[in-house]
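The values are calculated or read from the model by the stated rules, or taken from the named source; none is laboratory data. Source: prediction; values computed, not measured. Please note: Cβ atoms are built from the backbone with ideal geometry, for glycine as well, and neighbour counts cover all protein chains shown.
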Amino acid sequence: MADRPEPSTRTVAALLLALTCVFFWKLLTHPGWMVYSPDSDAIFHYSPQEFFLAKAWREFGELPLWYPHIYAGTSLIGDMDTPIFYPPHLLFRAMPTELAFGYLFVFHVFLAGLFMYAFVKELGGDAVAGVVSAVAFMFCGPLISHVYAGHMMHAANFTWMPLTFLLLELCATRQRLVDPILLGVAMALQFLSGHAQFFFYSSFALALFCLLRMALLYQHDGVAASVRLALLFVGATVLCVLLTAVQLLPTLEYSKQLFGRSGYEFAAVYSLPFKHLITFLVPDFFGLPSNQTYIGAGKYWELCGYVGIVAPLLAVTALWLRRCTLTWFFAALAVFAVLFALGKHTPLLRVFYHLPGFGQFRVPARMLMVYVFAVSVLAGLGTAALMEVLQRSPQRLKLVSKALAVLFIVMLLGVGYALIGKGVIFVLIEKLYNAGRHTRTFAENLGFISVLYDQIARNLVVMTLAVGGVAATIVAAQRQKVSARIAGLMLAGVAVFELWCFGLPKMDVKKPDEVFASNPVIEFLAQDKSLHRVYASC
C-alpha cells in the first residue's frame with residue numbers, strides 16, 4: 001500500500017494541540033472554573049503565595065521578595081517553589097490567580113508533546129514516530145500525576161527536557177551559532193520554572209547525552225568535532241548560569257539557611273519499592289489518592305512510572321529492529337533511571353550520594369522523569385523501525401503478530417475470569433487476609449478491598465485492550481490491510497486510549513468560590529488580629 005505524503009509540522013502541532021484541548025476539556029469548557037483535585041498543592045500551598053504576589057503587583061506595582069504569612073516569614077526570591085522569574089509565570093499577573101494554574105498546565109503539556117515530537121524527528125524518526133513519542137510523553141503517568149497534584153513546576157520541567165535534548169542534537173549536527181544560544185535559553189527556562197531536583201536530573205541526563213554525541217563525533221569526524229561540541233555545551237551552560245543568576249544566587253543563599261547535607265537517610269526518602277514496579281503496568285494496583293484507597297509506600301505521584309504498555313512494547317521493538325548506539329543509550333538511560341529511583345533498595349543511590357549534587361535531594365523516585373523520557377524516545381524509534389519492516393518485509397513480523405494475538409487471548413481470558421469469578425477470587429483473598437495480622441476484620445475492610453479490586457480490574461481491562469489493539473494493528477499491517485503509516489497512527493491511537501484511561505479521571509474542575517469557601521476555622525483566624533498565634537503542625 002502506498003503511503004501518503006508525510007504530514008507537516010504544522011499539521012502535527014495542530015493534532016497535538018487538539019489532543020491537549022480534548023484532554024483538558026473540562027477546564028476549557030468551564031470558563032471561570034479552576035483545575036481541581038483534593039490533593040492539589042496548587043490550592044493548598046501555591047495559591048496563597050500567588051494571591052499575595054498578584055495583590056502586591058496590582059496595588060503597588062512591586063514584586064515582593066518576602067512572604068510574611070508562613071510562620072515568621074519566608075523568602076519568595078530564594079524559594080524556587082514560586083518561580084517569579086519564569087516568563088510564563090506572568091500569566092498570574094494577566095488573569096485571576098486561581099485560573100492561571102489550569103491554563104499553564106495546558107500550555108506545558110502541549111509543549112512537552114511538541115518538543116518530544118521535534119526531538120524524535122531530529123533523531124531520524126518520521127512524523128508518525130514523532131507523534132507516538134509525543135503522546136507517550138505528554139500523557140505519561142508521572143507528568144499527569146503531578147498535574148493532578150497541582151505541581152506546575154514539575155510539569156514545566158518535563159516540558160523543557162526534550163527541547164534541551166533537541167537543541168544539543170542540533171549543536172552536534174549543524175554549524176550554527178544560534179543553536180548553543182537557544183540551548184542555554186532552554187536550560188535557563190527549565191531552571192527558572194522551579195524545582196531544582198528535576199532540573200538537576202534532567203541536566204545530568206543531558207550531560208550523558210552530550211558525552212555520547214562527543215564519542216560519536218570523535219569516531220566519525222575526529223577530535224576537533226568532539227571538542228567543538230564540548231565547548232558549545234559548556235558555553236550553553238555558562239549562558240544558562242548568567243540568565244538564571246537572578247534566581248540562582250538567592251536560592252543558593254537561601255538553601256544555606258534551610259539545610260545542608262542531611263545524610264543518606266534523607267536522600268533515600270521516597271525510594272521506589274520493588275513491589276511498586278507492578279504499577280508500571282497496573283498503575284492503580286495500590287489504590288488511588290482521589291478516593292482515599294491509596295495504600296502505597298509514598299505519595300502516588302512521586303512513585304508513578306506508568307507510561308502504558310504500547311510505549312514499552314515499542315521500546316523493546318527498537319532494541320530488536322534498530323540496534324544502534326543511540327538506541328542502546330536510551331535503553332541504558334531508562335534502566336539506570338529505574339535503578340536510581342529504587343533508591344535505598346539498590347547500591348546505586350549510595351554510590352551517587354557521594355557525587356556532587358545528588359546528596360542534596362530526597363525522593364530518588366523523581367528520576368522516573370528520565371525513565372519515561374527515555375522510553376518515549378525509544379517508542380518513537382521503535383515505531384520508525386517497525387514501519388520500515390512493514391514496508392519492506394512484512395512477513396518478518398508473522399511470528400510476532402501471532403505471539404501478540406495469543407497474548408491478547410490469554411489476557412482476555414484472565415481478565416474475564418477476574419470479572420466473572422470475583423466471588424471465587426474473594427474467597428481466596430479472605431483466606432490470605434485472615435492468615436496475616438490486621439487490626440480490622442476482612443468483613444470490616446470488604447468495601448475498601450472491593451473498590452481496590454475493581455480499580456485493578458479496570459487497569460487490567462485497559463492493558464488487555466491495548467495489547468489487543470497492538471496485535472490487531474500488526475496483523476492488519478502484516479497482511480497489508482493498512483499501510484505502514486496508518487499502522488503507526490493506529491499505535492499512537494492505542495497509546496492515547498490507554499494513557500487517557502489513566503489520566504482523564506484525574507482531571508477535574510471546580511468553581512473557585514467552592515474551593516476557597518470560608519469555614520469556621522478561617523472565620524476565627526480572620527477575627528483574631530493578635531500577634532503570636534501558634535499553629536501546631538505536628
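Does segment 188-204 include one or more residues that are assigned to a helix (DSSP H, G or I) and over 26 Å from LEU76 (Cβ atoms)?
Scanning segment 188-204 turns up at least one residue that is assigned to a helix (DSSP H, G or I) and over 26 Å from LEU76 (Cβ atoms).
All of (1) crowded, with 19+ Cβ neighbours inside 10 Å; (2) assigned by TED's automatic domain parsing to the domain that holds PHE286; (3) among the hydrophobic types (A, V, I, L, M, F, W, C) hold for PHE408 with one exception: (2). Among what's in segment 3-60 and is among the aromatic types (Phe, Trp, Tyr) and farther than 30 Å from SER75 by Cβ, pick the residue that is surrounded by the most Cβ atoms within 10 Å (Cβ to Cβ). Per the criteria, the residue is PHE23. Checking TYR306, TYR294 one by one, the residue that is over 22 Å from ALA207 (Cα atoms) and in contact (Cβ under 8 Å) with a residue 24 or more places away in the chain is TYR306 and no other.
Restricting attention to segment 323-348, report how many residues are hydroxyl-bearing (Ser, Thr, Tyr) and either without any contact (Cβ under 8 Å) to a residue 40 or more places away in the chain or not in a helix (DSSP H, G or I) (or both). Final tally of qualifying residues: 1.
If you go through segment 349-360 one residue at a time, do you hit one that is part of a loop (DSSP other than H, G, I, E, B) and over 30 Å from GLN257 (Cβ atoms)? Taking every residue of segment 349-360 in turn, none turns out to be part of a loop (DSSP other than H, G, I, E, B) and over 30 Å from GLN257 (Cβ atoms). Scanning segment 468-508 for residues that are over 16 Å from VAL310 (Cβ atoms) and among the acidic types (Asp, Glu) yields one hit, ASP508.
Rundown of residues vs (1) at pLDDT 95 or above; (2) surrounded by fewer than 21 Cβ atoms within 10 Å (Cβ to Cβ), yes/no style:
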residue	(1), (2)
HIS195	no, no
TYR201	yes, no
HIS220	no, yes
THR251	no, yes
ALA268	no, yes
LYS299	no, yes
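Taking the criterion of being of a type outside the set (D, E, K, R) and farther than 19 Å from MET214 by Cα, the residues of segment 317-333 that qualify are THR317, ALA318, LEU319, TRP320, LEU321. Of the residues making up segment 360-374, just one is more than 11 Å from CYS304 (Cα to Cα) and among the charged types (D, E, K, R), namely ARG362. Within segment 23-67, being in a strand (DSSP E or B), under 25 Å from the mean Cα position of the chain (by Cα) and either β-branched (Val, Ile, Thr) or farther than 24 Å from GLN292 by Cβ (or both) holds for one residue alone: VAL35. A single entry from PRO7, PRO87 fulfils the requirement of being in contact (Cβ under 8 Å) with a residue 60 or more places away in the chain and either within 25 Å of the chain's Cα centre (by Cα) or on the phi > 0 side of the Ramachandran plot (or both): PRO87.
A quick yes/no check of all residues on (1) more than 30 Å from VAL351 (Cα to Cα); (2) charged (D, E, K, R):
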position	(1), (2)
GLU265	no, yes
LEU272	no, no
LYS275	no, yes
ILE278	no, no
ASP284	yes, yes
TYR294	yes, no
TYR300	no, no
ILE309	yes, no
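Quick check: is even one residue across segment 91-112 modelled with pLDDT of 90 or more, surrounded by 16 or more Cβ atoms within 10 Å (Cβ to Cβ), among the aromatic types (Phe, Trp, Tyr) and within 25 Å of PRO312 (Cβ to Cβ)? Taking every residue of segment 91-112 in turn, at least one turns out to be modelled with pLDDT of 90 or more, surrounded by 16 or more Cβ atoms within 10 Å (Cβ to Cβ), among the aromatic types (Phe, Trp, Tyr) and within 25 Å of PRO312 (Cβ to Cβ).
Condition check: among the basic types (Lys, Arg) and either crowded, with 20+ Cβ neighbours inside 10 Å or in a helix (DSSP H, G or I) (or both). Does LYS275 satisfy that?
Yes, satisfied.
Set side by side, the residues LEU412, LEU460 differ, and just one is within 19 Å of PHE285 (Cβ to Cβ) and touching a Gly at 6+ places or on another chain (Cβ under 8 Å), which is LEU460. Scanning segment 71-81 for residues that are within 18 Å of MET153 (Cβ to Cβ) and free of Cβ contacts under 8 Å to residues at least 12 places away in the same chain returns a single hit, THR74.
For the subset of segment 471-520 comprising residues that are in a helix (DSSP H, G or I) and touching an Asp or Glu at 6+ places or on another chain (Cβ under 6 Å), which member is farthest from MET411 (Cα to Cα)? This residue is PRO512. So is ALA236 in the same structural domain as ALA188 (by TED's automatic domain parsing) and free of Cβ contacts under 8 Å to residues at least 40 places away in the same chain or not? The answer is no for ALA236. Could you check segment 142-184 and list, in sequence order, the residues that are out of contact with any strand residue (DSSP E or B) (no Cβ under 8 Å at 6 or more places or on another chain), closer than 18 Å to MET507 by Cα and of a type in the set (Gly, Ala, Ser)? Hits for segment 142-184 are SER145, ALA149, ALA155, ALA156. Set side by side, the residues ASN445, ASN459 differ, and just one is surrounded by 11 or more Cβ atoms within 10 Å (Cβ to Cβ), outside the structural domain of TYR117 (by TED's automatic domain parsing), in contact (Cβ under 8 Å) with a residue 40 or more places away in the chain and of a type in the set (S, T, N, Q), which is ASN459.
For segment 173-187, taking the residues that are part of a helix (DSSP H, G or I) and among the hydrophobic types (A, V, I, L, M, F, W, C), the one that is farthest from ILE84 (Cα to Cα) is identified as VAL178. Only residues that are closer than 18 Å to ILE309 by Cα and modelled with pLDDT of 90 or more were counted in segment 386-401, giving 1.
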